[in-house]
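The values are calculated or read from the model by the stated rules, or taken from the named source; none is laboratory data. Keep in mind that what you see is a predicted model, and the values were worked out from it rather than measured. Virtual Cβ from ideal backbone geometry, glycine too; neighbours counted across all protein chains shown. Areas reflect the complete protein model, heavy atoms only, side chains present, ligands, DNA and RNA absent. Shrake-Rupley method; radii C 1.70, N 1.55, O 1.52, S 1.80 Å.
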Amino acid sequence: MGITATHMLIPGLPLLAFLINGLFGARVIKEKAHWIATLAVAGSWLLSVLTVMDVLGGKTYYGDVYRFLTSGSLQLAVGFCIDQLTVVMLVVVTTVSTLVHIYSIGYMHGESGYWRFYSYLSLFTFSMLMLVMSNNFLQLYFGWEAVGVCSYLLIGFYYNKESAAIAGKKAFIVNRFGDFGFALGLFLVFINFGSLDYRTVFAALQNWQSPVLHIAGFDIDRITLIALLLFCGAVGKSAQFPLHVWLPDAMEGPTPVSALIHAATMVTAGVFLLARCNPIFNMSHSAMMVVAITGAFTALFAATIALVQTDIKRVIAYSTISQLGYMVLACGVGAYSAGIFHLYTHAFFKALLFLGAGSVIHAVHDQDIRNMGGLYRHMKTTAITFWIASLSISGFPLLAGFFSKDEILWLTYASHGSLGKVLWMVGTLVALLTAFYSFRLIFLTFHGQFRGGHEKEHHLHESPSVMTIPLIILCVGSVAAGWVGLPPALGFENHFAHFLMPVVGHPEAHGSHGEELMVMLLSIAVGLAGIGAAWMLYGKKSDIPDRMAAALNGVPYRWLQNKYYVDEFYDAVIVRPVIWVAKNVLLPVTDGAIIEGIVNGVPKSIGWFGEKLRSLQTGVVHHYATIMATGAFALVVLALALMGGR
């Protein structure tokens, strides 16, 4: 069916809010900017819900709105694809974005640049909606780069703060590495299929003969190369190893921005790309293996780092990287519906964790969990909702995260033979670590005695209702969002997987319901073990953590505390050499010789020429008479020569 005005208004309303606040926010709207932005994104949410109802009724929409370039087989257009995958992303993006807009009214109150913040939020939402609704790779790439620009603007919102400015640049630059590969992949898509339209490209795959490319003496399968180049973009946006380093530093932005980036925009774009391009990835076993191993390694790698972090937002940031690894692992074993299911449930409990952390920071004015403790007595709503979000991410039975995480673990176990079993064991270990670091954070923040000083404790208070109401709504989602995907092993039909099947299919599970129950029970057991271990070490009064830190103060603890020195490695191998070359090689040539040569050389040349002309103006009369006589003589000689020639 064709695209309607309703579909165009879903991204159109946030774009309109961005334009209004951007043009009139500084002088006219000012502190009222949240009304325009919040009403606009709430309108997008309402239209998204109506669209979901249409798709649930069996309707899908596909078409171009405006074709702006036709050149041979290349046709570039603004168009939309509204199918089952799209509407899931619409629900995630607009729901979390609406709640973040509302929450920010309390959190950002009194901030300088309040109108600018809401203008950027609206642009961020618009960009992500254009990305997920696109029907062609070029529009997807436009939204892809636009969310990158918005992340730069929002992470560096406090641009007068050096660490925030550096973090914004880091996010933007690191993503350039992945996006370069992504762009090359899109070029190969057009070269091989003659189009950037989804339907045209995916239809052409049915008759694909898997030709090879001959590069430097090697034969490379084209579809594998395309898939791996597209995956480069996903590695950057979804913060997978080795391009994960930008995401923890993104915590320098306002906390509502962290919630929006980590739960509904930007980082989810990479997982969405894998699901949308599943026909391409399914044709390359090698590419799928790379995707699965990358996801599993990233999940374990980030979970170990989260064990020792002391900044409340950085613990949650590394948790995001780890959970994204779960989603990428699912896509790598062909369980795209499970990956999107976890993306969907993760949006609720991760947004709740970040906004809960923001509520804590709003009260304590500190991000170091070593200076917290005992906050439950002062912030019961924040504490209870944070508890539920932590239980959900830990896979506690019947909460949202339990169903989506176990779906990934089961389908990983039941696929890819021995490799699947190894990846499942990694995923199960990550489940243990997730429960442990989540409840380490809980016990150090909300329980025990307050460690921030009596003066600060005297002023502790619960956040205003404009901040706690979004927490409560997200808490409901953290509990109930997973109930749309109840597993067959418990006697239910996985409606979520069935809903997405027309777009992403569903992998065959080579195992029985008994094996699925075994995987589920083991997952529950390790989750409870992680919670119990956190309680033993941090919930009770114990000096064990300090003694363990002292005992491990050698290589293991230092490596975890310093995030395996990946940032330092990049700084030594890439950043400092590039800066040295720029300062000592490029700067003298480009700036010194070329730019300065032109800028300073042109006026110097004009000055030199002027000096020469000025020497003719001596002020001596007989010099002028001599020049005039010489000129007249030359004219006479020239005239006689011309007459003689005739």
³J(HN,Hα), Karplus 6.51/-1.76/1.60, whole Hz, each residue of the range 509-518, x for Gly, Pro: 9, 8, x, 9, 4, x, 5, 5, 5, 4
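Normalised by the residues of the range 1-50, what does the relative contact order come to in percent, with Cα pairs under 8 Å and at least six apart?
53 percent
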Between helix 417-446 and the chain: long-axis angle, C-alpha atoms, 0 to 90°, nearest 10: 90 degrees
P(r), alpha carbons of the range 66-142 - 10 Å bins starting at zero, rounded %: 16, 37, 26, 16, 4, 1
Point-to-point label distance, THR4-ALA641, nm (Cα→Cβ direction, 7 Å offset): 8.7 nm
Orientation-averaged projected area, Cα convex hull of the range 441-481 (nm²): 3.9 nm²
Protection proxy ranking of 621-631, 173-183 - average other beta-carbon atoms within 10 Å, highest first: 173-183, 621-631
Which of ARG116, ARG27, ARG370 is most accessible, then next, and so on - probe 1.4 Å: ARG27, ARG370, ARG116
P(r) weight above 44 Å for the chain, C-alpha pairs, percent: 27 percent
Heavy-atom surface of the range 87-246, accessible at 1.4 Å and reported per residue (Å²): 36 Å²
Mean separation of Cα contacts under 8 Å, 6 or more apart, over the residue count of the chain: relative contact order %: 11 percent
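Can you tally the net charge around LEU90? Count Lys and Arg as +1, Asp and Glu as -1, for every other residue whose Cβ sits under 13 Å from the Cβ of LEU90.
Net charge around LEU90: -2.
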0 to 90° range, to nearest 10: angle between helix 312-332 axis and the chain longest Cα axis: 90 degrees
FRET efficiency, 1/(1 + (r/R0)^6) with R0 60 Å, evaluated for TYR565 and LYS604 via beta carbons: 0.75
Overall Cα dimensions of the range 262-367, principal axis frame, Å, largest first: 52, 24, 17
Pairwise FRET efficiency - ILE166 versus ARG370, Cβ, R0 = 22 Å, nearest 0.05: 0.35
Rg over Rh, two decimals, the range 1-155 (C-alpha only, Kirkwood Rh): 1.01
Long-range HN-HN contacts of GLY79 with modeled amide H, under 5 Å: VAL65, ASN135
For the range 332-415, projected area of the alpha-carbon convex hull averaged over all directions, nm²: 6.5 nm²
Nonlocal amide H pairs with LEU213, under 5 Å, H built at 1.01 Å: ILE220, ASP221, ARG222
Global form of the range 580-646, assessed from the alpha-carbon gyration tensor, a/c cut-off 1.5: oblate
Rounded tilt (10° steps) of 114-133 against the dominant C-alpha axis of the chain: 80 degrees
Protection proxy ranking of 490-496, 213-219, 386-392 - average other beta-carbon atoms within 10 Å, highest first: 386-392, 490-496, 213-219
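To the nearest 20 debye, what is the magnitude of the charge dipole of the chain about its Cα centre, counting +1 on the Cβ of each Lys and Arg and -1 on the Cβ of each Asp and Glu?
In total the dipole reaches around 1140 debye.
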PHE396 - accessible surface, heavy atoms, 1.4 Å probe, Å² rounded to 10: 80 Å²
Using alpha carbons only: equivalent-ellipsoid semi-axes of the range 460-579, gyration tensor based, whole Å: 38, 26, 23
Percent carbon-and-sulfur accessible area, the chain, ignoring ligands, DNA and RNA, probe 1.4 Å: 69 percent
Positive-end extreme of charge dipole, the chain - chosen from SER195, PHE18, GLY181 (charges on Cβ): PHE18
Mean Cβ count within 10 Å, highest first, over the residues of peptides 272-281, 599-608, 156-165, 72-81: 272-281, 72-81, 156-165, 599-608
Gap separating the Cα centres of the range 619-646 and the range 555-581, nearest whole Å: 78 Å
